[in-house]
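One structure is given below, encoded as structure tokens.
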Amino acid sequence: MKYRDLAIKNANDLIFGNTPHPVTTKRGLVIGGGRVYPELNFTLPSIEVSPDSKEQVIEHYRQITTGALERAKDLYSQGVVLELETVIEMTKYPDIGVGVVKTMNEICEEYYQKHQLPTEIRLTPNDLREFDRPPRQRTGAYLDPMMQLFEEGAKAGGNLLSIESTGGKEISDDALMMCNMTQFIFSQAVLGVRDMHFLWDKIADVAGKTGVLMGGDTACGFGNTAMVLAEKKYIPKIFAAVARVATVVRTLVAVEHGATGPDKDCGYEGPFLKAIAGIPISMEGKTAACAHLSPVGNIAAACCDLWSNESVQNIKLLAGFAPTVYLEQLEYDCRLMNQAVHKGHDACTQLQELMVNSDISYDPQALVLAPESVIEISKEIVKGNNYIEACVLGCLKSVEIIDKAYKQDKLTLNDMELTWIDMLRSELEAIPFNEEKFIDLVVPTLDQNKILLNEYGIT
Amino acid sequence: MKYRDLAIKNANDLIFGNTPHPVTTKRGLVIGGGRVYPELNFTLPSIEVSPDSKEQVIEHYRQITTGALERAKDLYSQGVVLELETVIEMTKYPDIGVGVVKTMNEICEEYYQKHQLPTEIRLTPNDLREFDRPPRQRTGAYLDPMMQLFEEGAKAGGNLLSIESTGGKEISDDALMMCNMTQFIFSQAVLGVRDMHFLWDKIADVAGKTGVLMGGDTACGFGNTAMVLAEKKYIPKIFAAVARVATVVRTLVAVEHGATGPDKDCGYEGPFLKAIAGIPISMEGKTAACAHLSPVGNIAAACCDLWSNESVQNIKLLAGFAPTVYLEQLEYDCRLMNQAVHKGHDACTQLQELMVNSDISYDPQALVLAPESVIEISKEIVKGNNYIEACVLGCLKSVEIIDKAYKQDKLTLNDMELTWIDMLRSELEAIPFNEEKFIDLVVPTLDQNKILLNEYGIT
Amino acid sequence: MEKIIEQIAHCIEFGKIDKNSPFPPDMKGQDGADELVKSALDSGIKPSEILSDGMIAAMEKVGNKFTQNKIFVPQMLMSAKAMSKAMLHIKPYFQDGSVQQKGTFVIGTVSGDLHDIGKNLVSMMVEGNGWNVVDLGVDVSAESFIETIKQYPGCFVGLSALLTTTMVSMEKIVGEIKAASPDTKIIIGGAPVNQEFCEKISADAYSPDPQGAVSSLNKLLAA
Amino acid sequence: MEKIIEQIAHCIEFGKIDKNSPFPPDMKGQDGADELVKSALDSGIKPSEILSDGMIAAMEKVGNKFTQNKIFVPQMLMSAKAMSKAMLHIKPYFQDGSVQQKGTFVIGTVSGDLHDIGKNLVSMMVEGNGWNVVDLGVDVSAESFIETIKQYPGCFVGLSALLTTTMVSMEKIVGEIKAASPDTKIIIGGAPVNQEFCEKISADAYSPDPQGAVSSLNKLLAA
Ligand code: B12
Ligand code: B12
């Protein structure tokens, strides 16, 4: 644990559009430096991706990029981040992924030259390693093409490197379904953290070699999986809220390895990272409804520096292609926030208050994202002497916040949810902070066919 | 011209969520009485609509309604308006349209009984009469099924009657393309007004008989056509802005015939109607990007009472069906506004200021929708001794507002746009207020094959 | 190139229809496309040369300016009107074969659909590019298309649809036209339509805009 | 109904696996599904009766509660575990024919797709409803499905896909299975899939959730 103090100590300073350590990109976006930009995400419609269909794939991304940037220009946008999150085959055959980056980058450059529209590409290779079952995080054959895409893609114009890495997922999936918090924390603070160290070391190498920025990681496969399951009423919202907090430490490891942000959108560790490390972050909420329904639609924007739609297929809506439509929606959301930034800190605080109050009383997942909660929880996290302690302390604080809000009648919870407050608290309190002890406690409870511990350096 | 004074005289009082004459619906929504509700709009994906496919059509609407209301319930929504805007065959064979209303109403009732979620159906038969070319507004065969759908649909649960009526369209289309403001005003203040009197007399009969509310009309086929054309850069934005204002008087006629609101979303006469008559209004902006791109994404919300997405097909996005996705987006937009309403007038004004400033400097179409512009223009409108004078005075004022803002460097306009300020002013100044004279002036310039003047009572 | 041809081109490009037309203001009182074409013909210049080097070349410029958003529709329409007026003088030479039209383009909005603004733009641009255009209007049935195709052997067909529901009509009409006249090339357009849909319903080309319609037609013609 | 069968149903419904299992807290130390099924069999109650009236009936209740959002997944999983444990005692009677399983359900996530949370839920619910379930895991190829179908003649197949890109694999796999074994009934699911797509790729049924999968299977079985 490198961070032992907060970069932002006061909830009032945890606000959209500004952060202590803004990031300036090649084409001049200043992220976190006084303006919120849209981050557009998109994916292919239902088509086959293979080396044979490379041209067709590239054509889709060409059309997406042109449509979005043309609209951004017409809306007088001050800048846009485009995230290229690859699908499997684009990583497996890095040549496809690189081809897409290249094409997108040409279009970005054209709009920059011709219309002074500054844009940047976030390159997010999907974490292929999970394709082996059990996953082989370090020794599997999938690591190579993935790292190749990072490197070649960075050279081709992918100026912000990110990933949703999956270390620990082979344990977390079942842990979520069984609502087993002990195992979930093991997947994050032990497996996740170890894998993050391994992986971000490599990504830092690539970034150093190619001179691009490291955006960051996100626990999408963990925190957002929990949220989606809770949204389907499969698991308690309280469990999902605490699980969300449990993901922070593993994502923080990327920052320890030099990631400067903007952190990625699709987990919500961002606000905690911003509080702890002062880096700019990307967030997604109501305008990502295209990708998943959400209980944190407005509050998610409370301290964002980029505002994203998470993902939308390239299909036609009445107005035009869906990515263009979502670019417009994001742009207007950003305009509103930027008007407040322009007016000054008070205006920002007032708008933020509306965003926060909009959601916090309905769902504990929203509550833990309120700037005050984020600061309180982050303070606990940096107290931890190791990742496990940091993780558990953060989780315990979030249980406390939820409990208190419920008792003060500030949070709606039904009876099915309620019983989980005490259950979670006692489960968390039983977790040993010593890593070896924790391993000894949890490993015997795991299905040994599902995990290769030596892939995490555990012997 | 019934209205000779404004219901809201002060721009500061023209605000979202509240209006002098709120409307209470059967299931207890109080529209314009201290809360903004979402108004969800939707349409069929690409399927054939005919008496044979009635069941399939109804099934789509069943799924749309259930998906949206289930989500509304989960988001703790305080109420939703669902607009059923029929497509041609559903009006031509009113039986289909009525079947859909009935099914939707059953689901609404179920959610009301089981979950206390109050919802209301706005029934908007499409104006079939334009199917005759030239249209036969009064004597055509299409009038009957359309009025039948109004009546049977009202009985089946369509509690808010609305229409986007098309009187004058046979003239306005070409007038827009040729940027002929004289003809466009003729299409609105003469043909439109006359047709509105004819049609809303009939709708008022139906509403009286069936005991439902009259929402209102909208000049979608005029104002929004102009906007879409301007957005495509086919006609000047200035022309579209002034054309937008020119539509107000014809839509006001519905109110004169007893429409209480909420006025319909897809033209932007709403703010003017709210200022003049104090009725609640529905508006659409950024979250209607699914239906059309827009230069008024945020400002459109400045004084809305319902907030709509205009239209989205029932197709699948990653999160689920598009209408459910848009319900969520609207709901969060409304939550934000309602937080401000809850906090008080100042909070509303502050949020409104952000919405307004977000858009007004980029586009004259946004500028004319700013509350201050709306009040100024409305004041001119109610000065008119007849509809033509009212219309022209309103348009002249909007030209003046645009001119002034440009000269004060508050509005961006390129050279291609600029020349239109003077051209429009002199064209407007040449229009005679006397209806007979105006008819004599314009009729000879019209293509006589396109219009039957006696269908408007002009002999 | 003859001076007068350049002048004709200028009139078409800027929408100077005839001596009396008020646009563009800076040419007030001067001869327009109407007068200039007439005197060019009188002075013995080949009608085909006037048409291609003067008129069509100018319309192509107009089309490009429009595509690049350098002019608005009314300006384009003015050019189209100048073109039509001038064309009246050229028409007689079609009969005697000294001027060739590219072909006939039959266009209409499909049954159930009344949107015609987009279709009108397309038909004007195509006409301006030297095609004979037969506009069947809106809400046009398959039979009506098939009838018209019989009257203009070798013609090309354009279908427009703006409603997702009438995309179904479009599919049907393409099917029926192809059944009745397999060699007829069909080009489709309208906001909800796209390349994929074009392939799905086996139409021959799709274009998102009028300028694209012109190039597609030229391509199909060459093929 | 025998008292003990009611008790078995209770244990399954509330996830009481065996005497040692800590859930539900209020049954601590009491016999669970494991012990009770054993003693029921010992006392001569017909295994088919235990299975259908006790165990499957309880699982149906669980399924309904889950569908109505009255319990969370972990509770359902506890019930599924109690069911599995109890099933061990019933299994021997399958061989001798005194108890019949509904059939075999082969399920997997299609090639290229690693999402398995949804598929796992489906397989557990189907198993709990008296089916023999063969779970092939994720990233499963057509060959692997076809191989397995050969091993379980008359089996039903379930395909899951969560990515729009792997919907293409799903279509292919359905095609190949149908080519190799035309009578095999295929049921599909996963977030991006819907009824329309099901019809398009000629699968036999689609369901949006596990409970629906069970009813679809029962319907296909009856057909
Ligand atoms: C104007 C308009 C109308 C006017 C039509 C006026 C007219 N004479 O055309 C009126 C008011 C009458 C109208 C009516 C209706 N409309 Co309308 N309308 C529009 C609007 C606002 C603009 C369309 C337009 O003119 N665009 C400008 C032109 C220039 O663009 P374009 O048509 O796309 O054409 C361009 C290209 O597509 C291409 N192109 C077009 N045709 C062709 C053909 C070929 C061969 C080629 C190559 C290219 C090509 O080139 C053109 C130039 O670039 C759109 C909104 C929108 N976002 O588009 C809705 C819209 C199309 N309408 C819609 C609807 C629902 C209707 C109604 C059913 C409403 C109702 N309930 O009454 C009725 C249906 C009437 C009918 N039967 O057709 C929906 C369609 C939704 C759906 N389910 O499909 C839309 C998208 C609005 C919305 N967001 O809900 N409408
Ligand atoms: C969890 C998750 C993951 C986890 C998967 C963990 C696991 N072991 O399954 C991880 C992180 C690994 C992951 C990876 C990826 N994911 Co993912 N993931 C999700 C997420 C958040 C939740 C999915 C889930 O489990 N839902 C809960 C379950 C219970 O629901 P369900 O799967 O729909 O199943 C239900 C029904 O569909 C049905 N059902 C399911 N199967 C079947 C089968 C039958 C026969 C029947 C009858 C019914 C049925 O019953 C189930 C219970 O009700 C979704 C987001 C979302 N909105 O769904 C994205 C999502 C599916 N993933 C997505 C993407 C893009 C990916 C990646 C490509 C990301 C990347 N770039 O790396 C990779 C791909 C990996 C791969 N090759 O498959 C996208 C898909 C977009 C697209 N283009 O299609 C989504 C939609 C996220 C998004 N909004 O962008 N993902």
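Remarks
- Remark: label point of residue B:232 defined 7 Å out from Cα along the Cα-Cβ vector; separations to the same position in other copies 4.2 nm, ascending.
- Residues residue A:386 and residue A:429, FRET efficiency given R0 of 22 Å [Cβ-Cβ distance, rounded to 0.05]: 0.80
- Global geometry of segment B:178-312, whether rounded, prolate or oblate, following the gyration tensor of its Cα atoms and the 1.5 cut on a/c: oblate
- Think of the axis that spins chain D onto C; the D residue whose C-beta lies nearest it, and the distance in whole Å, is D:200, 6.
- Computed over chain A, Cα set: Rg, Dmax in Å: 20.8, 62
- Working from the Cα coordinates of segment D:104-222, the gyration tensor eigenvalues give, after taking √(5λ), semi-axes of 17, 16, 14 Å in decreasing order.
- In this label model, residue A:133 and residue B:178 are separated by 6.9 nm, measuring between points 7 Å along each Cα→Cβ vector.
- Of all chain B residues, the one whose C-beta is nearest the axis that brings B onto A, in angstrom: B:350, 3
- Nearby aspartates and glutamates by direct alpha-carbon distance to residue D:38 (threshold 16 angstrom, same-chain neighbours under 8 apart not counted): D:2, D:6, D:18, D:49, D:53
- Per-peptide packing, taken as the mean over residues of other Cβ atoms within 10 Å, places A:358-364, D:127-133, C:93-99, D:141-147 in the sequence A:358-364, D:127-133, D:141-147, C:93-99 from highest down.
- Local charge for residue B:51 was computed over the other residues whose Cβ lies under 9 Å away, with Lys and Arg +1 and Asp and Glu -1, and equals -2.
- Residues residue C:68 and residue A:26, FRET efficiency given R0 of 45 Å [Cβ-Cβ distance, rounded to 0.05]: 0.95
- The protection proxy used here, the mean number of other Cβ atoms lying within 10 Å of each residue, ranks peptides D:108-118, B:247-257, B:55-65, B:401-411 as follows, highest first: B:247-257, D:108-118, B:55-65, B:401-411.
- Chain C, relative contact order in percent, only Cα pairs under 8 angstrom and at least six apart counted: 16 percent
- Principal-axis analysis of the Cα atoms of chain D puts helix D:166-180 at an angle of about 90° to the longest axis.
- Summing charges over all other residues whose Cβ lies under 15 Å from the Cβ of residue B:174, with Lys and Arg as +1 and Asp and Glu as -1, gives -1.
- Geometric descriptor of segment A:128-215, per residue, is 92 Å³ (volume of the convex hull of the Cα atoms).
- C-alpha center-to-center spacing [segment D:41-56, segment A:1-32] in angstrom: 64 Å
- Shape of segment B:1-97, Cα gyration tensor, a/c cut at 1.5: oblate
- Taken residue by residue and averaged, Cβ atoms of other chains lying within 10 Å of the Cβ of B:350-358 number 6.
- Each copy carries a label point for residue A:34 at 7 Å from Cα toward Cβ; from one copy, the others' points are 4.3 nm away, ordered from shortest.
- Cα gyration tensor, segment B:356-446 - rounded (a/c under 1.5), prolate or oblate: oblate
- For segment C:2-95, diffusion coefficient by Stokes-Einstein and Kirkwood Rh (Cα), 25 °C, 0.890 mPa s, µm²/s: 191 µm²/s
- Helical segments meeting 27 Å axial Cα length and Kyte-Doolittle -1.0 threshold in chain B (DSSP H): B:94-115, B:322-343, B:387-407
- Helix D:33-42 axis, angle to chain D major axis (alpha carbon atoms, nearest 10°): 70 degrees
- Between residue A:201 and residue B:450, the FRET efficiency from the beta-carbon distance, with R0 = 60 Å, is close to 0.25.
- Packing rank of D:192-200, A:442-450, B:370-378, A:381-389, where each peptide gets the mean count of other beta carbons within 10 Å, highest leading: B:370-378, A:381-389, D:192-200, A:442-450
- Look at where the Cα atoms of segment C:80-136 and of segment A:263-281 average out, and the two centres are 59 Å apart.
- Relative contact order of chain B, taken over Cα pairs closer than 8 Å and 6 or more residues apart, is 21 percent.
- Across the copies of the chain, residue B:423 has label points (7 Å from Cα along Cα→Cβ) spaced 7.1 nm apart, shortest distance listed first.
- Ellipticity estimate at 222 nm from DSSP helix runs (n ≥ 4, -39,500 (n - 2.57)) divided over the protein assembly as shown, nearest 500: -15500 deg cm²/dmol
- Kirkwood Rh and Cα Rg combined as Rg over Rh, evaluated for segment B:72-119: 1.09
- The mean number of Cβ atoms from other chains found within 10 Å of a Cβ in peptide A:289-299 is 6, as a whole number.
- Relative intensity of the protein assembly as shown on a log10 scale, I(q)/I(0) at q = 0.04 Å⁻¹, equals -0.26, per a Debye sum over C-alpha point scatterers of equal strength in the absence of solvent.
- Exceedance of the 31 Å cut-off in Cα-Cα distance is limited, within the set A:9/A:209; B:264/B:450; B:343/B:397; C:3/C:119; B:92/C:65, to A:9/A:209; B:343/B:397; C:3/C:119; B:92/C:65.
- Taking every alpha-carbon pair under 8 Å whose residues sit at least 6 apart, segment D:2-95 reaches a relative contact order of 39 percent.
- Averaged over the residues of A:199-208, the number of partner chain Cβ atoms lying within 10 Å of the residue Cβ comes to 0.
Any read-out appearing in this document is the output of simple, stated calculations on the displayed coordinates, not a laboratory observation. Everything numeric in this text was worked out from a predicted model, so none of it was measured. Backbone-built Cβ (ideal geometry, glycine too); neighbour counts: all protein chains shown.
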